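Here the structure comes first, spelled out in structure tokens, and everything after it is commentary.
The values are calculated or read from the model by the stated rules, or taken from the named source; none is laboratory data. Note that the structure is predicted; figures quoted are calculated from it, not measured. Every residue, glycine as well, gets a Cβ built from its backbone with ideal geometry; the counts of neighbours run over all protein chains shown.
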Amino acid sequence: MTRIDKRDRADLFRNRLMLAMQERAVSQSALARAIRADRSTISQLLSGDGARLPNAHLVGECASELGVSADWLLGLSERPESAADLMAINLSMTEAPRALIDQQIFDWHKEAKGYKIRHVPAALPDMLKTHAMLEWEYRPHLGRTTEQAIGASEDRLAFMRTNRSDYEIALPLHEFESFARAEGYYAILPQAVRLAQIDQIAALYDQFFPSLRLHLYDAHRVFSSPITVFGPLLAVLYIGRNYLAFRDSERVQTFSRHFDGLIREAAVSDRDIPAYLEELRRTASASAGKS
């Protein structure tokens, strides 16, 4: 923060107080009544030409009534919002239902149209899944509405694939390996579904590369929670039942640097994905799984 002369700071306070009153259509009398001060006190704050600033209590009362921060009135900040308002702007928490592409995620994708979107999914990325894979994964949660939900979500997934945004997706190598071998989470997934899913990923990758890039990292070397970085606009952390969305540039850049680290540590680079998928398909073919 650049140091300013006391007289200049006092002038800045008067100008900003007047501006805040004008923007909120608050008269001197109304402000005086609201903060329980004499009208002459407000008049002096606005018309004085000295270097003296009002006491902290009076500044705080004016700031609270006018919906601005005391730091902004005093020239200590260039943001008029209060600390609580800044937190609300820069950090939000929304519910993350166990379902396909929900409205909030879809809205974020539309907002970031044209920007690069960088994604670490919780499992295989939904935007690359086959209809059969989506049905197997989500039917236990969606019940009788599965077909309707999948139909609506497939329209959104199609939009996401063709919305002029570049997609970089990073996920741990073991996720694909467990999928191919029908292990763990994928233990009861039929072999036919696994093979068709690998074929679809290969086809989409061939169609959209380099606008679509996959990077597979070794979880023994690096770790990541599920995150999405929507260009320079926001970064979203998935914590299970909720999303934490950050809009301040410092945190968005921190998430971007984290993603850069995953790419640097990739065990399978984006250009090696086609050959890797061929080998993965052979692994899935050799693994009987559940038919």
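Considering 192, 202, 275, 235, which residue is more than 16 Å from residue 123 (Cα to Cα) and assigned to a strand (DSSP E or B)?
Just a single option satisfies the conditions, and that option is 235.
With respect to residue 266, determine if the residue is within 16 Å of residue 124 (Cα to Cα) and among the small types (Gly, Ala, Ser).
no
Give segment 126-140 a look and list any residue that's assigned to a loop (DSSP other than H, G, I, E, B) and surrounded by 18 or more Cβ atoms within 10 Å (Cβ to Cβ), or say none.
129
Take the conditions touching a His at 6+ places or on another chain (Cβ under 8 Å) and hydrophobic (A, V, I, L, M, F, W, C) and apply them to residue 266. Does it pass?
Answer is yes for this residue.
Would you be able to say whether some residue in segment 183-206 is of a type in the set (A, V, I, L, M, F, W, C), within 25 Å of the chain's Cα centre (by Cα) and on the phi < 0 side of the Ramachandran plot?
Taking every residue of segment 183-206 in turn, at least one turns out to be of a type in the set (A, V, I, L, M, F, W, C), within 25 Å of the chain's Cα centre (by Cα) and on the phi < 0 side of the Ramachandran plot.
Of the conditions (1) within 19 Å of residue 176 (Cβ to Cβ); (2) at pLDDT 95 or above; (3) not polar (S, T, N, Q); (4) not in a strand (DSSP E or B), residue 267 clears all except one; give me its number.
(4)
Among the residues of segment 205-223, write down those that are among the polar types (S, T, N, Q) and either over 12 Å from residue 169 (Cα atoms) or in a strand (DSSP E or B) (or both).
Passing the criteria: only 207.
Quick check on residue 252: is it surrounded by 14 or more Cβ atoms within 10 Å (Cβ to Cβ), out of contact with any Gly (no Cβ under 6 Å at 6 or more places or on another chain), without any contact (Cβ under 8 Å) to a residue 40 or more places away in the chain and closer than 28 Å to residue 106 by Cα?
For residue 252, the condition - surrounded by 14 or more Cβ atoms within 10 Å (Cβ to Cβ), out of contact with any Gly (no Cβ under 6 Å at 6 or more places or on another chain), without any contact (Cβ under 8 Å) to a residue 40 or more places away in the chain and closer than 28 Å to residue 106 by Cα - is met.
Does any residue of segment 54-63 turn out to be modelled with pLDDT of 90 or more, surrounded by 13 or more Cβ atoms within 10 Å (Cβ to Cβ), acidic (Asp, Glu) and not in a loop (DSSP other than H, G, I, E, B)?
Yes.
Report yes if some residue within segment 252-263 is part of a strand (DSSP E or B) and either in the same structural domain as residue 160 (by TED's automatic domain parsing) or among the charged types (D, E, K, R) (or both); otherwise report no.
The answer is no; no qualifying residue exists.
Restricting to segment 12-57, what's the tally of residues that are closer than 18 Å to residue 78 by Cα and touching a residue at least 12 places away in the same chain (Cβ under 8 Å)?
Adding up the residues that qualify gives 8.
Can you name the number of the only condition in (1) in contact (Cβ under 8 Å) with a residue 60 or more places away in the chain; (2) under 22 Å from residue 167 (Cα atoms); (3) in contact with a Leu (Cβ under 7 Å, 6 or more places away or on another chain); (4) not acidic (Asp, Glu) that residue 238 fails?
Among (1) in contact (Cβ under 8 Å) with a residue 60 or more places away in the chain; (2) under 22 Å from residue 167 (Cα atoms); (3) in contact with a Leu (Cβ under 7 Å, 6 or more places away or on another chain); (4) not acidic (Asp, Glu), the lone unmet condition for residue 238 is (3).
Of all the residues that make up segment 158-174, how many are surrounded by fewer than 18 Cβ atoms within 10 Å (Cβ to Cβ) and closer than 19 Å to residue 203 by Cα?
Total satisfying the criteria: 7.
Only one residue in 244, 280 is in the same structural domain as residue 111 (by TED's automatic domain parsing), assigned to a helix (DSSP H, G or I) and either crowded, with 16+ Cβ neighbours inside 10 Å or touching a strand residue (DSSP E or B) at 6+ places or on another chain (Cβ under 7 Å) (or both), so which one is that?
280
Answer yes or no as to whether residue 229 is among the hydrophobic types (A, V, I, L, M, F, W, C), modelled with pLDDT of 95 or more, surrounded by 15 or more Cβ atoms within 10 Å (Cβ to Cβ) and over 20 Å from the mean Cα position of the chain (by Cα).
no
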